[in-house]
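The values are calculated or read from the model by the stated rules, or taken from the named source; none is laboratory data. Being a predicted model, the structure only gives us computed values, none of them experimental. No Cβ is skipped: glycine too gets one built from the backbone with ideal geometry, and neighbour counts run over all protein chains shown.
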Amino acid sequence: MRINNFKKNARRSFLKNSLALSAITIIPRHVLGGKGFKAPSDQLNIASIGSGGKGSSDISNASRNGNARVSALCDVDFSGTAAATVKRFPKAKLYADFRKMLDKEKNLDAVTISTPDHVHGVAAVYAMERDKHVYVQKPITHNIREARILTEMARKQKVVTQMGNQGGSNPLLKTVQNWVDSHVIGKISKVQIWTNRPVWPQGIKMPKSNPSAKPKDLDWDLWLGPALNKPYTPNMHPFNWRGWWDYGTGALGDVGCHLIDIPYRTLGLKYPKDAECSVGTVYSGMFTQAYIPEGCPPSSFTTLHFEGTEKSKSPVEMTWSDGGIRPSHPEIIPANDDIGGPGSGNGVLMIGEKGIISTNINDSEPLMPKLYLNDGTTEFGPEIEPNDEPEYGHQRKWIDACKAGFQSREHQELTSSFDYAGPMTETVLMGNLAIRSYMLQRKNARGNMSFYARKKLLWDGENTRITNLEEANQFVGRIYRSGWEI
């Protein structure tokens, strides 16, 4: 056994006493280092890519209880919310460019990635190529092609992965899973999902570029990453990027991985067969429809169809609506009961032959699982969740799995490793593929611009292709800036 950090006199005493014994006595680490002591060999060296906002809690939760040592922090603007993370980890080295950090910090074992959506894929690929375990915020990528690449690369590189949809570790999901597995509501053929997002500017023209307004500590070129080069645009960083396709993935990308996760997981769904949508229309003048293809719409309604699985037992139709549009109140749910979460602002309804399962959003809010049967029987889960650590231990469990190793029991018990999170993310992003295709225009026979792609899109999930509209396949991936390609 190798024991580090002995004082010389302690080591002499230990060796002397060992010679007098017929067997060597091993001194526990907690005796040597005090209660709660973690020997350096028991810790992982970790770093964050994106250290402010959600990145702050991701790296903090991952390092909780001394299971990991935060060796480095990377952010394009340490004057913003990342400043508090620097204070929390004063010994960490600071970097603006994650590529330089990963190339220089040879001893890093794992990284958390909590950047805007458009950087998730390139950062994760760069890290996994260097054999680093990765925790990536939801959605794990900006587009479907990248999600498939990350899923396959994680297996090839034998690294431990986790997506940051922390609600996947919510213990109350077992209540929903048990209702599904026991077939208490019979065959489930319809799922309705909705959200009050977006809560940022969306459905409007992108602000004009203004390089003179750039904060002096913000590295705009690194913030753009793989996105096409353009002068600094105010109000993109640090939050409003979500509403623009170059950087964000709209309401679907923001909370779809929390909400869609619930039926996708409990029903054992696979790739959808098709996708179709409609979007809220903004008029800039009388009978003049605003055309803003570079930005996400103010609201959308998307429908996906899935083949039946062992758990769902029948084909499933899933609908998604955002912008505050929600389904009608089901008859069997009392009129004064919320559907989904408080105020019915976000939620999931899984509708079966014999009843309905209703839940809130699946992140750090109470899941509030509720069962309503056609015969009047009800069963409600607790509104206050039993949870002894932040975000259900989602980051800590990833750290434990990294220490245990690829395909360890701890790894296989993770709720959002890329084997699961990759296909689920592809399903979420199918909605965005339909939305972006919905806005495609071209001149018709009369010389007027017309929308020609407003149809059901047929999806070949295995080959990641739309089979009945070639132009839609441009949104499976993206155009990369030179030097940032995947």
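If the requirement is being in contact with a helix residue (DSSP H, G or I) (Cβ under 9 Å, 6 or more places away or on another chain), closer than 20 Å to A401 by Cβ, of a type in the set (A, V, I, L, M, F, W, C) and at pLDDT 95 or above, which of these qualifies: V76, V111?
On inspection, the qualifying residue turns out to be V111.
So which of I356, I351, I384 is β-branched (V, I, T), surrounded by fewer than 24 Cβ atoms within 10 Å (Cβ to Cβ) and at pLDDT below 95?
Every option except I384 fails the conditions.
Across the stretch 243-290, what is the total count of residues that are under 30 Å from N448 (Cα atoms), surrounded by 20 or more Cβ atoms within 10 Å (Cβ to Cβ) and of a type in the set (A, V, I, L, M)?
2
If I filter the stretch 301-339 down to residues being part of a loop (DSSP other than H, G, I, E, B) and acidic (D, E), which single residue comes out as surrounded by the fewest Cβ atoms within 10 Å (Cβ to Cβ)?
The residue in question is E310.
Here is a list: K214, K190. Which entry is in the same structural domain as D375 (by TED's automatic domain parsing), without any contact (Cβ under 8 Å) to a residue 40 or more places away in the chain and surrounded by 13 or more Cβ atoms within 10 Å (Cβ to Cβ)?
On the way: K190 fails: without any contact (Cβ under 8 Å) to a residue 40 or more places away in the chain.
After applying the criteria, what remains is K214.
If we scan the stretch 167-183, do we find a residue that is free of Cβ contacts under 8 Å to residues at least 24 places away in the same chain, in a helix (DSSP H, G or I), polar (S, T, N, Q) and surrounded by fewer than 23 Cβ atoms within 10 Å (Cβ to Cβ)?
Yes, the stretch 167-183 has at least one match.
May I ask you to verify whether P298 is part of a loop (DSSP other than H, G, I, E, B) and not aliphatic (A, V, I, L, M)?
Working: part of a loop (DSSP other than H, G, I, E, B): yes; not aliphatic (A, V, I, L, M): yes.
Here the answer is yes, as P298 does meet what is asked.
If I ask for residues that are free of Cβ contacts under 8 Å to residues at least 12 places away in the same chain and of a type in the set (D, E, K, R), which ones from the stretch 380-430 would you list?
D388, R409
Please enumerate the residues belonging to the stretch 363-408 that are within 18 Å of T112 (Cβ to Cβ), in contact with a Ser or Thr (Cβ under 8 Å, 6 or more places away or on another chain) and among the hydroxyl-bearing types (S, T, Y).
Of everything in the stretch 363-408, just one residue is within 18 Å of T112 (Cβ to Cβ), in contact with a Ser or Thr (Cβ under 8 Å, 6 or more places away or on another chain) and among the hydroxyl-bearing types (S, T, Y), namely Y392.
With T161, T195 as the choices, which residue is touching a residue at least 60 places away in the same chain (Cβ under 8 Å), under 19 Å from the mean Cα position of the chain (by Cα) and not assigned by TED's automatic domain parsing to the domain that holds L349?
Matching residue, one of T161, T195: T161.
Take the stretch 362-378 and flag every residue that is acidic (D, E) and without any contact (Cβ under 8 Å) to a residue 40 or more places away in the chain.
Answer for the stretch 362-378, where residues must be acidic (D, E) and without any contact (Cβ under 8 Å) to a residue 40 or more places away in the chain: E365, D375.
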